[in-house]
1. Can you tell me which residues in the stretch 74-101 are out of contact with any strand residue (DSSP E or B) (no Cβ under 8 Å at 6 or more places or on another chain) and touching a residue at least 12 places away in the same chain (Cβ under 8 Å)?
2. With the structure loaded, tell me whether Ser56 is among the polar types (S, T, N, Q), over 21 Å from Leu110 (Cβ atoms) and surrounded by 14 or more Cβ atoms within 10 Å (Cβ to Cβ) or whether it fails that test.
3. Going by the structure shown, is Asn147 over 16 Å from the mean Cα position of the chain (by Cα) and at pLDDT 95 or above?
4. For the subset of the stretch 59-112 comprising residues that are out of contact with any Leu (no Cβ under 8 Å at 6 or more places or on another chain) and of a type in the set (Ser, Thr, Tyr), which member is most open to solvent (accessible area, probe 1.4 Å)?
5. Give the residue, chosen from Lys65, Lys55, that is among the charged types (D, E, K, R) and touching a residue at least 60 places away in the same chain (Cβ under 8 Å).
6. Among (1) within 22 Å of Leu38 (Cα to Cα); (2) open to solvent by 30 Å² or more (accessible area, probe 1.4 Å); (3) not acidic (Asp, Glu), which single condition is Gly116 missing?
7. Could you look through the stretch 5-26, keep only residues that are of a type outside the set (A, V, I, L, M) and under 19 Å from the mean Cα position of the chain (by Cα), and pick out the one that is least open to solvent (accessible area, probe 1.4 Å)?
8. Filter the strands (runs of 3 or more DSSP E) completely within the stretch 10-101 down to those with at least 1 residues that are among the basic types (Lys, Arg) and at pLDDT 95 or above.
Amino acid sequence: GIWKSENGGQSWTQLVNGVPGDLSVTSLAMDPGNPSILYAGVSHIFGDSRNGVYKSVDGGGSWQKLGGGFPTVNIGHIALAIAPTDRMRLYANVVHSADNVGGNGSTLGLFRSDDGGQTWTLRTAQNFHRTYGWYLNVIITDQTNPNIAYTGGVRMYRTDDGGDTWDDVLRTQHVDFHA
């Protein structure tokens, strides 16, 4: 779930109004221009009908599950990023739900929204994760250019065109990218 502290971590309150409190939240993104706008990737790695991206416009007081072209089935781990220079641009790297022994966590797709999560388009189905996406899945945007983003899984990839093409930028044997 999602927990919030308003006193520097002395006490915490679970936020559950509209977001499942019993599922993992694998990613949380805050609008850099408005800290009341939050996006959460709810991601039970073995799949759940409630998995998806949720949005709050009141600092986590209430949440709404987003749709508009975002996948609705076979969703596992979700990684989210918001572009600081285009706060309406979001990237979501989504992997398939894992099987009961942790396999099958390959990339379901990398999606982008240009309207604050109201609609999503598939940018690529390139497999960044092999079968380990349930464990390693991360995405981040460039601080000055919303078309540049990096995603990692088994290797690290970069896009310069908003997610249409991705290049392997770190040619290593097998390094897990988590952050």
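The values are calculated or read from the model by the stated rules, or taken from the named source; none is laboratory data. Remember, predicted model here, so these are calculated numbers, not experimental data. Quick reminder, even Gly has a Cβ in these numbers, built from the backbone with ideal geometry, and neighbours come from all protein chains shown. Just so you know, the surface numbers come from the protein's heavy atoms only, side chains and all, with ligands and any DNA or RNA stripped out. Shrake-Rupley method; radii C 1.70, N 1.55, O 1.52, S 1.80 Å.
1. Narrowing the stretch 74-101 to residues out of contact with any strand residue (DSSP E or B) (no Cβ under 8 Å at 6 or more places or on another chain): 85-87, 99-101.
Result: Thr85, Asp86, Arg87, Asp99, Asn100.
2. Numbers: among the polar types (S, T, N, Q): yes; over 21 Å from Leu110 (Cβ atoms): yes; surrounded by 14 or more Cβ atoms within 10 Å (Cβ to Cβ): yes.
It is true that Ser56 is among the polar types (S, T, N, Q), over 21 Å from Leu110 (Cβ atoms) and surrounded by 14 or more Cβ atoms within 10 Å (Cβ to Cβ).
3. When the stated conditions are applied, Asn147 passes them.
4. Here is the first cut: in the stretch 59-112, the ones out of contact with any Leu (no Cβ under 8 Å at 6 or more places or on another chain) are 62, 64-68, 70, 72-73, 77-79, 84-89, 97-108.
Now narrow it down to the ones that are of a type in the set (Ser, Thr, Tyr): 62, 72, 85, 97, 106-107.
Working: Ser62: 43, Thr72: 107, Thr85: 78, Ser97: 17, Ser106: 23, Thr107: 9 Å².
Step by step, filter the stretch 59-112, then rank; the result is Thr72.
5. Numbers: Lys65 fails: touching a residue at least 60 places away in the same chain (Cβ under 8 Å).
Being among the charged types (D, E, K, R) and touching a residue at least 60 places away in the same chain (Cβ under 8 Å) holds for just one of Lys65, Lys55, which is Lys55.
6. (2)
7. Here is the first cut: in the stretch 5-26, the residues of a type outside the set (A, V, I, L, M) are 5-14, 17-18, 20-22, 24, 26.
After this cut, where a residue has to be under 19 Å from the mean Cα position of the chain (by Cα) as well, the list is 18, 20-22, 24, 26.
Values: Gly18: 43, Pro20: 16, Gly21: 31, Asp22: 108, Ser24: 65, Thr26: 54 Å².
Checking each candidate, the answer is Pro20.
8. Ranges flagged: 52-56, 86-96.
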